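Asks: Mind having a look at this structure? Questions to follow.
The values are calculated or read from the model by the stated rules, or taken from the named source; none is laboratory data. Only a predicted model underlies this, so the values are computations on that prediction, with no experimental measurement involved. Cβ: placed from backbone, ideal geometry, glycine included. Neighbour counts: every protein chain shown.
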């Protein structure tokens with residue numbers, strides 16, 4: 001019988017591909033200018049998700065870099081704002097690029113991400129369906145532990 | 001590598017309804033963990049429903065290695081047919097060695113049907129589970145022959161070895177927020193049930209109070225003689241800040257609701273003090289009170305089995321002892 005699986009934590013998880021996962025990465029965060037999206041493992045004691053990314057628009061133009069929920073390089077003049085139980089990033093056009101919302105349970109946290117993201121080739125890599133983020137393509141990885149900064153990611 | 005091999009081992013059915021009160025699944029995960037360590041395998045909890053993420057995380061925090069999830073709108077409310085179909089297919093595909101479930105009203109409907117579907121045996125209402133060190137088989141201790149003796153049941157050939165266990169027979173592991181595990185989503189095929197359609201579900205108000213967590217429990221048996229005498233137990237419980245339990249003959253006589261039933265087919269309690277009045281001490285009843293720290297028994301028959309397990313015994317008519325006890329307590333409390 002076929003099955004899908006991922007590592008999960010008792011403390012915090014993301015909802016990705018309709019599954020719980022304690023962390024995942026799309027693309028390669030160690031690359032200099034390629035698209036990536038990293039939802040890193042949140043350890044006990046922290047309650048916020050750890051999102052880092054290099055994002056492009058549909059026409060492959062760089063939009064911004066996100067380093068653990070903070071905007072870094074920002075050629076697309078995007079803006080970040082607080083939202084219910086999380087935050088939202090808007091493009092200069094005002095359209096929402098990413099929305100991150102963390103639900104607190106009695107003993108843990110679940111983060112849901114809404115986004116529609118494209119890679120450097122203009123290919124759709126991430127979109128939202130049924131409350132979950134869904135990844136297109138094979139190049140992604142579920143994380144069994146926090147991803148050390150600058151570490152290259154094995155390509156699936 | 002065939003990853004499905006990771007899913008052999010000990011399975012526990014996750015009954016998350018009324019999760020924060022009903023702890024039987026967590027208690028079975030703790031026991032499953034102990035069995036799995038002996039057998040050098042893993043504990044997998046089965047979780048069926050819709051939007052059950054929170055419970056998957058809770059089960060990992062309480063000792064599960066793997067949570068196997070079936071999420072589907074048609075699994076939101078328990079229905080024996082659809083639940084049996086999903087779990088039977090999983091068991092046939094992944095071949096667990098052991099499958100444990102709670103001996104609850106849900107378990108009494110679901111597990112016999114599942115066992116029949118899997119063509120294996122089921123030891124119901126077990127009070128002890130151990131692994132035979134020589135054979136690695138599960139030794140399932142359950143009351144037999146009307147509860148007059150404890151039988152040790154072994155399933156030598158059929159798999160999984162299935163058992164249901166009363167709440168509070170085992171102790172849950174503490175919540176560990178740093179725990180990690182795996183979540184597995186096997187393919188599922190949920191057929192809409194054409195015979196039963198759930199229109200709505202509503203939580204029933206508990207009438208048995210918080211019996212399983214009570215520190216003081218007063219239990220009445222048939223020896224009380226009448227419904228009026230049984231009602232006096234509520235007054236006694238109020239004076240002592242306790243809860244009232246009942247034996248099967250009392251429930252059958254309609255003196256108490258089924259929710260107050262203790263023993264083999266009812267609840268299991270572990271209070272600091274249990275006062276057992278007018279109960280003979282049949283095994284069907286005493287399997288539910290074995291964990292009480294101190295037992296005081298009142299019965300007119302000096303040879304009643306209840307006195308063998310009581311710390312303090314009082315031989316006398318309940319109808320005489322109970323009013324005296326109430327009168328004394330009213331003066332002192």
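Asks: Looking only at region A:85-98, count every residue that is under 20 Å from residue A:119 (Cβ atoms) and in a strand (DSSP E or B) and tell me the total.
Replies: Count: 4.
Asks: Only one of B:78, B:55 is more than 15 Å from residue B:161 (Cα to Cα), out of contact with any helix residue (DSSP H, G or I) (no Cβ under 6 Å at 6 or more places or on another chain) and assigned to a helix (DSSP H, G or I). Can you tell me which?
Replies: Numbers: B:78 fails: assigned to a helix (DSSP H, G or I).
Answer to the selection: B:55.
Asks: Quick one: in region A:98-110, of everything that is without any contact (Cβ under 8 Å) to a residue 40 or more places away in the chain and within 14 Å of chain B (Cβ to nearest Cβ), which residue is surrounded by the fewest Cβ atoms within 10 Å (Cβ to Cβ)? Walk me through how you get there before you give the answer.
Replies: Step one: filter region A:98-110 for residues without any contact (Cβ under 8 Å) to a residue 40 or more places away in the chain, giving A:99, A:101, A:103, A:105-106.
Among the residues that remain, those that are also within 14 Å of chain B (Cβ to nearest Cβ) are: A:101, A:103, A:105-106.
Details: A:101: 17, A:103: 14, A:105: 13, A:106: 10.
Per the criteria, the residue is A:106.
Asks: If you don't mind, another one. Please count how many residues of region B:207-238 are in contact with a strand residue (DSSP E or B) (Cβ under 8 Å, 6 or more places away or on another chain), in a loop (DSSP other than H, G, I, E, B) and at negative phi.
Replies: Qualifying residue count for the region: 5.
Asks: Given the options B:184, B:154, name the one that is touching a strand residue (DSSP E or B) at 6+ places or on another chain (Cβ under 8 Å) and touching a residue at least 60 places away in the same chain (Cβ under 8 Å). Break it down stepwise before answering.
Replies: Values: B:154 fails: touching a residue at least 60 places away in the same chain (Cβ under 8 Å).
Exactly one residue qualifies, and that residue is B:184.
Asks: Can you say whether residue B:44 is closer than 23 Å to residue B:170 by Cβ, surrounded by 20 or more Cβ atoms within 10 Å (Cβ to Cβ) and in contact with a strand residue (DSSP E or B) (Cβ under 8 Å, 6 or more places away or on another chain), as far as the supplied structure shows?
Replies: Details: closer than 23 Å to residue B:170 by Cβ: yes; surrounded by 20 or more Cβ atoms within 10 Å (Cβ to Cβ): yes; in contact with a strand residue (DSSP E or B) (Cβ under 8 Å, 6 or more places away or on another chain): yes.
Taking the combined requirement at face value, the residue satisfies it.
Asks: Condition test on residue B:50, is it within 13 Å of another protein chain (Cβ to nearest Cβ), within 25 Å of residue A:10 (Cα to Cα) and in contact with a helix residue (DSSP H, G or I) (Cβ under 8 Å, 6 or more places away or on another chain)?
Replies: It is true that residue B:50 is within 13 Å of another protein chain (Cβ to nearest Cβ), within 25 Å of residue A:10 (Cα to Cα) and in contact with a helix residue (DSSP H, G or I) (Cβ under 8 Å, 6 or more places away or on another chain).
Asks: Considering every residue within region A:71-78, establish whether at least one is at pLDDT 90 or above, in a strand (DSSP E or B) and either surrounded by fewer than 17 Cβ atoms within 10 Å (Cβ to Cβ) or facing chain B (nearest Cβ under 10 Å) (or both).
Replies: To start, the set of residues in region A:71-78 that are at pLDDT 90 or above comprises A:71-78.
Subset that is in a strand (DSSP E or B): A:71.
When the remaining residues are screened for being either surrounded by fewer than 17 Cβ atoms within 10 Å (Cβ to Cβ) or facing chain B (nearest Cβ under 10 Å) (or both), the result is A:71.
Yes, the conditions are met somewhere in region A:71-78.
Asks: What single numbered condition from (1) on the phi < 0 side of the Ramachandran plot; (2) modelled with pLDDT of 90 or more; (3) facing chain B (nearest Cβ under 9 Å) fails to hold for residue A:36?
Replies: Single failed check for residue A:36: (3).
Asks: Is it true that residue A:95 is at pLDDT 90 or above, out of contact with any strand residue (DSSP E or B) (no Cβ under 7 Å at 6 or more places or on another chain) and more than 14 Å from chain B (Cβ to nearest Cβ)? Lay out the reasoning, then the answer.
Replies: Numbers: at pLDDT 90 or above: yes; out of contact with any strand residue (DSSP E or B) (no Cβ under 7 Å at 6 or more places or on another chain): yes; more than 14 Å from chain B (Cβ to nearest Cβ): yes.
It is true that residue A:95 is at pLDDT 90 or above, out of contact with any strand residue (DSSP E or B) (no Cβ under 7 Å at 6 or more places or on another chain) and more than 14 Å from chain B (Cβ to nearest Cβ).
Asks: Only one of A:42, A:25 is in a loop (DSSP other than H, G, I, E, B) and either within 14 Å of chain B (Cβ to nearest Cβ) or touching a strand residue (DSSP E or B) at 6+ places or on another chain (Cβ under 9 Å) (or both); which?
Replies: Unique residue meeting the criteria: A:42.
Asks: Among the candidates B:136, B:147, single out the residue that is surrounded by 14 or more Cβ atoms within 10 Å (Cβ to Cβ), modelled with pLDDT under 95 and not in a strand (DSSP E or B).
Replies: B:147
Asks: Could you grab me the full set of residues in region A:1-19 that are buried (at least 19 other Cβ atoms within 10 Å of the Cβ) and under 19 Å from residue A:52 (Cα atoms)?
Replies: Answer for region A:1-19, where residues must be buried (at least 19 other Cβ atoms within 10 Å of the Cβ) and under 19 Å from residue A:52 (Cα atoms): A:12, A:13, A:14, A:15, A:16.
Asks: For region A:111-131, how many residues meet the condition of being within 12 Å of another protein chain (Cβ to nearest Cβ) and surrounded by 19 or more Cβ atoms within 10 Å (Cβ to Cβ)? If you could, list the steps in order and put the result at the bottom.
Replies: In the first step, residues of region A:111-131 are kept if they are within 12 Å of another protein chain (Cβ to nearest Cβ); the result is A:111-112, A:130-131.
Of the ones still in play, those that are also surrounded by 19 or more Cβ atoms within 10 Å (Cβ to Cβ) are A:111-112.
Result for region A:111-131: 2.
One line per residue, one yes/no per condition, for (1) surrounded by 14 or more Cβ atoms within 10 Å (Cβ to Cβ); (2) assigned to a helix (DSSP H, G or I); (3) in the same structural domain as residue B:145 (by TED's automatic domain parsing):
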{"residue": "B:256", "(1), (2), (3)": "yes, no, no"}
{"residue": "B:280", "(1), (2), (3)": "yes, no, no"}
{"residue": "B:288", "(1), (2), (3)": "yes, no, no"}
{"residue": "B:301", "(1), (2), (3)": "no, no, no"}
{"residue": "B:307", "(1), (2), (3)": "yes, yes, no"}
{"residue": "B:324", "(1), (2), (3)": "no, yes, no"}
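Residue-wise test of (1) at negative phi; (2) in contact with a strand residue (DSSP E or B) (Cβ under 6 Å, 6 or more places away or on another chain); (3) more than 14 Å from every other protein chain (Cβ to nearest Cβ).
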residue: B:65; (1), (2), (3): yes, yes, no
residue: B:71; (1), (2), (3): yes, no, no
residue: B:82; (1), (2), (3): yes, no, yes
residue: B:110; (1), (2), (3): yes, no, yes
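Asks: Give the residue, chosen from A:14, A:87, that is modelled with pLDDT of 90 or more, more than 14 Å from chain B (Cβ to nearest Cβ) and out of contact with any helix residue (DSSP H, G or I) (no Cβ under 9 Å at 6 or more places or on another chain).
Replies: Values: A:14 fails: more than 14 Å from chain B (Cβ to nearest Cβ).
Selected residue: A:87, the only one of A:14, A:87 that is modelled with pLDDT of 90 or more, more than 14 Å from chain B (Cβ to nearest Cβ) and out of contact with any helix residue (DSSP H, G or I) (no Cβ under 9 Å at 6 or more places or on another chain).
Asks: How many of the residues in region B:104-129 are closer than 19 Å to residue B:151 by Cα, in contact with a helix residue (DSSP H, G or I) (Cβ under 8 Å, 6 or more places away or on another chain) and either part of a helix (DSSP H, G or I) or touching a residue at least 60 places away in the same chain (Cβ under 8 Å) (or both)?
Replies: Counting residues in region B:104-129 that are closer than 19 Å to residue B:151 by Cα, in contact with a helix residue (DSSP H, G or I) (Cβ under 8 Å, 6 or more places away or on another chain) and either part of a helix (DSSP H, G or I) or touching a residue at least 60 places away in the same chain (Cβ under 8 Å) (or both) gives 1.
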